[in-house]
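Each remark here refers to the structure printed beneath this line.
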Amino acid sequence: DRNGTRLFTYPPRSAHPLGFPIKDSVRDAMSAGGRSGAFSDTGPDGIERYFAYKALVLKGEAEPYLYVLYATPTSLAQDRSRGILLRNLGIMTLVALCGLGGAYFATRPLFGRRLDRIIETTRRIAEGDLAARVEADMDPSDLGQIGRAIDLMAETIQRRDAEGASYARTLAAS
């Protein structure tokens, strides 16, 4: 009640006798905490508990006539929370592994073949095959832009070589 006298308890326990006051620190926390709230404290049985309460007030009255108080051992709440946390960590790990696996298997078809074509073309150009081309004209991606730049570079080198050869022939003829 408003004075902190225990009127009902469930389940009944010898540590919570009816008609006797509740622990002073619990009563003080409820009185100071407003119409509802939660806190932790040691119960009369020496077990650390989370307490939640609601003050019941009659219409037109300022002070509560009764408090409804619920308490649960902190170890019980922590065990349940730990179980939920471990389950969620397991789910997040599974999702992360699926994402990484998907990225691993999607990388080759999306990027690998185009990169291989670019690398092969640059190798052929380095070996003197100036007719080698990446042929990425229809690819709007960054790799397509790189491929077009390599093709342009090869065309420019091929054109300059042809101009140099033509100039050399003209020079030799004169």
### Summary
Residues in region 113-154 that are aliphatic (A, V, I, L, M), open to solvent by less than 50 Å² (accessible area, probe 1.4 Å) and not in a loop (DSSP other than H, G, I, E, B) total 5
### Task
Report whether or not Arg13 is within 28 Å of Asp79 (Cα to Cα), of a type in the set (Lys, Arg) and at pLDDT below 90.
yes
### Query
Out of the residues in region 1-10 that are in a loop (DSSP other than H, G, I, E, B) and surrounded by 11 or more Cβ atoms within 10 Å (Cβ to Cβ), which is modelled with the lowest pLDDT?
Arg2
### Query
Mind checking whether some residue in region 26-35 is at pLDDT below 95, of a type outside the set (Gly, Ala, Ser), in contact with a Gly (Cβ under 7 Å, 6 or more places away or on another chain) and not in a helix (DSSP H, G or I)?
no
#### Entry: Qualifying positions in region 14-55 - closer than 16 Å to Asn3 by Cβ, surrounded by 15 or more Cβ atoms within 10 Å (Cβ to Cβ) and in contact with a Leu (Cβ under 9 Å, 6 or more places away or on another chain)
Ile22, Val26, Met30, Tyr53, Ala55
### Query
Yes or no: Phe105 of a type in the set (A, V, I, L, M, F, W, C), in contact (Cβ under 8 Å) with a residue 24 or more places away in the chain and open to solvent by 90 Å² or more (accessible area, probe 1.4 Å)?
no
### Query
So how many residues does region 56-75 have that are of a type outside the set (Phe, Trp, Tyr), closer than 16 Å to Tyr10 by Cβ and open to solvent by less than 70 Å² (accessible area, probe 1.4 Å)?
5
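The values are calculated or read from the model by the stated rules, or taken from the named source; none is laboratory data. Everything quoted here is computed from the prediction, not taken from an experiment. When we count neighbours, we look across all protein chains shown, and the Cβ atoms used for this are built from the backbone with ideal geometry, even at glycine. Note: accessible area is taken over every heavy atom of the protein model, side chains too, but ligands, DNA and RNA are not part of it. Shrake-Rupley method; radii C 1.70, N 1.55, O 1.52, S 1.80 Å.
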